[in-house]
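Structure record follows, encoded as C-alpha cells.
The values are calculated or read from the model by the stated rules, or taken from the named source; none is laboratory data. Every value quoted in this text rests on a predicted model; they were computed, and no experiment measured them. Please note: Cβ atoms are built from the backbone with ideal geometry, for glycine as well, and neighbour counts cover all protein chains shown. With ligands, DNA and RNA removed, areas are computed over all heavy atoms of the protein, side chains included. Shrake-Rupley method; radii C 1.70, N 1.55, O 1.52, S 1.80 Å.
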Amino acid sequence: MTTRLPRIQEAMRCHGFDALAIVPGSNLRYLAGLTLHAGLRLTMALTPADGQPALVVPELEHARVTETAGAVFRYYPWSDAEGPGQALARAVRDAGLQPGSVVGIEHMVMRVFELRALEQALPGAQLVDATPLLTELRMVKDTTELQAMRVAVQVIEETLRQTIAQVREGMRERDIADLWERAIRSAGCLPAFETTVASGPNSANPHHTSGDRALQEGDMVVFDGGAVYQGYASDITRTFVVGHPSDEMRRVYDLVLAANAAGREAAAQPGATGESIDAAARQVIERGGYGPFFIHRTGHGIGLDVHEPPFIVAGSRTPLPVGATFTIEPGIYLRGVGGVRIEDDVVITANGAESLTTFPRDLWSIA
Ligand code: ZN
Ligand code: ZN
C-alpha cells in the first residue's frame with residue numbers, strides 16, 4: 001500500500017499541490033487501504049507533496065486504523081472532550097503548510113464541517129479541487145487492483161449462474177434478488193449495490209427496485225448485480241426470458257447484443273475514448289430503429305466505486321489509458337412492454353481491450 005504514495009506525491013508535484021486533504025471514502029482507501037465510515041467525528045489525511053502523511057483521527061478509531069495503515073501515517077488522535085481543532089492544527093503545522101499553500105480537497109466528497117475545520121486550521125490556504133488528479137491516478141488500475149476486480153467478476157458470474165438455476169415461473173423478483181445477494185455473501189463478498197431483478201414490464205425501467213411481481217411466461221427478466229472484493233467492484237447485467245420471447249423482444253435482444261459487441265470492439269481500437277465507444281454502441285441501436293429507447297449513457301468506470309470516471313458517453317474525448325476499467329451496457333426499454341440490457345466490465349490492455357466478464361451473452365430461457 002505504501003508503494004502507491006510515491007506515485008500520488010509525484011502527481012501532486014506535477015499538479016502544483018503542496019498537500020492533499022482526504023476524508024473517509026474511496027480516495028482514502030486508495031491512498032492507504034483504509035476503510036473508514038464518514039461519521040460525525042473529523043477524520044482527515046493530510047498528505048504533503050514530500051514526506052510522511054498525517055492522519056487526524058478520533059481516539060476511538062486510533063488503534064484499529066494503526067493496525068491497517070501502520071507506519072504510512074504520523075497520527076494525530078483527538079478525544080471527544082478536546083475536539084479535533086488542536087490535533088488538526090498540529091498536523092497542518094508539522095506538514096509545513098502555511099497561508100498561501102495549495103491544498104487539494106475532494107469537491108465531490110468533503111462535507112462542509114470538514115471544509116470549515118480545514119479553513120480554520122489553515123487560514124489563507126488555497127483550497128483547490130483535487131478530483132481531476134485523483135481521477136487520473138485511480139483510472140489506471142495496477143495489477144493488484146485488477147486481480148481484485150477479477151475475483152469480484154468471478155464471484156458475480158458464479159453466483160448469477162447459481163441463482164438462475166433456481167429460478168422458476170411464479171417466483172417473485174425480490175426473492176430472486178435475495179437468493180443472488182445471499183450467494184454473493186456466502187462467497188465472501190458484499191453486494192456492490194442493490195441487486196436488481198426486473199421482470200416483464202418492470203424490465204423497461206433501468207432503475208427498477210426488485211418487488212413483488214412474480215415471473216410469468218414470456219417475461220424478459222433483467223438481472224443486474226455486482227460484488228465487492230477487497231474494496232473493488234464488479235457489475236454485470238444479463239437479460240433472460242421466461243419461456244419464449246415475443247418477436248419484438250427477440251429483435252430488441254439481438255440489437256442490444258450487437259450494440260454490446262460493437263462497444264467492446266470499439267474499446268479495443270487504439271485511441272478509444274468514452275465517446276467513440278458510446279457512438280459505436282449507440283449507432284447499432286439507432287440504425288435498428290430503437291435510438292429513442294436507449295435512454296442512458298453506454299457505461300461508467302468501475303473500481304473502488306461502482307460508478308467513477310471514465311464515463312462512456314458523448315463528450316468524453318480523452319483516450320482511455322491502459323488499465324482503465326469500465327462497463328459497456330447498452331439497453332433498449334419499451335415502456336409497458338419490457339427491456340433488455342447487456343452489461344460487461346472491460347479493461348483497456350496494451351494491445352486492445354479485454355472483457356473481464358465472460359458470462360454467455362446469447363438469450364437464455366430460464367424457468
Ligand atoms: Zn449494472
Ligand atoms: Zn453499470
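Placing one equal scatterer on every Cα of the stretch 140-366 and applying the Debye formula, the log10 ratio I(q)/I(0) at q = 0.15 Å⁻¹ is -0.93. The slack in the chain from residue 158 to residue 207, taken as 0.36 nm per residue of separation less the alpha-carbon distance, amounts to 15.3 nm. Put a dot 7 Å past the Cα of residue 295, heading toward its Cβ, do the same for residue 40, and the two dots end up 3.9 nm apart. Taking N as the residue count of the stretch 5-138, its C-alpha radius of gyration divided by 2.2 N^0.38 Å amounts to 0.94. With helices as the sole contributors, the chain gives -11500 deg cm²/dmol at 222 nm; each DSSP H run of n ≥ 4 counts as -39500 (n - 2.57), and the sum is divided by every residue. A simple spin-label model places the labels of residue 174 and residue 50 6.0 nm from each other, with each point 7 Å out along Cα-to-Cβ. Computed from the C-beta positions of residue 318 and residue 131, the FRET efficiency with R₀ = 22 Å rounds to 0.90. Here the stretch 238-355 has 53 percent of its accessible surface on carbon and sulfur atoms, given a 1.4 Å probe and all protein chains in place. Extension gain, residue 287 to residue 66: 0.36 nm times the residue separation minus the Cα-Cα distance gives 73.9 nm. Taking all protein chains together, 107, 37, 208 sort by accessible area into 37, 107, 208, largest first [probe 1.4 Å]. Kyte-Doolittle mean at least -0.5 and Cα extent at least 18 Å along the axis: which DSSP H helices of the chain qualify? Those that clear 18 Å and a mean of -0.5 are 143-166, 247-267, 274-287. Build a GNM of the chain with springs between Cα atoms under 10 Å apart, and of 222, 128, 155 the one that fluctuates most is 128. Computed from the Cβ-Cβ distance with R0 of 25 Å, the FRET efficiency linking residue 82 to residue 190 stands at 0.10.
In the chain, the DSSP beta bridges split such that about 75 percent are antiparallel, to the nearest 5. Springs between alpha-carbon atoms under 10 Å, Gaussian network over the chain: tell me which of 204, 81, 272 tops the mean-square fluctuations. Fluctuation is largest for 81. Bridge orientation summary for the stretch 241-367: considering DSSP beta bridges with both residues in this region, about 90 percent are antiparallel. Using the Cβ of residue 137 as centre and a radius below 12 Å, the other residues enclosed give a net charge of -1, where K and R count +1 and D and E count -1. Between 99, 321, 58, the residue with the greatest mean-square fluctuation in the GNM of the chain (Cα pairs under 10 Å linked by springs) is 99. Projecting label points 7 angstrom from Cα along Cα→Cβ for residue 113 and residue 94 puts them 2.4 nm apart.
Normalising the average separation of contacting C-alpha pairs (under 8 angstrom, six or more residues apart) by the number of residues puts the relative contact order of the chain at 13 percent.
Solvent-accessible area per residue in the chain equals 43 Å², computed with a 1.4 angstrom probe and all protein chains kept. The local environment of residue 125, defined by Cβ-Cβ distances under 10 Å, has a net charge of -2 under the rule Lys, Arg +1 and Asp, Glu -1. Using a 1.4 Å probe on the protein chains only, how many percent of the accessible area of the stretch 27-155 belongs to carbon and sulfur? It is 54 percent, rounded to a whole number.
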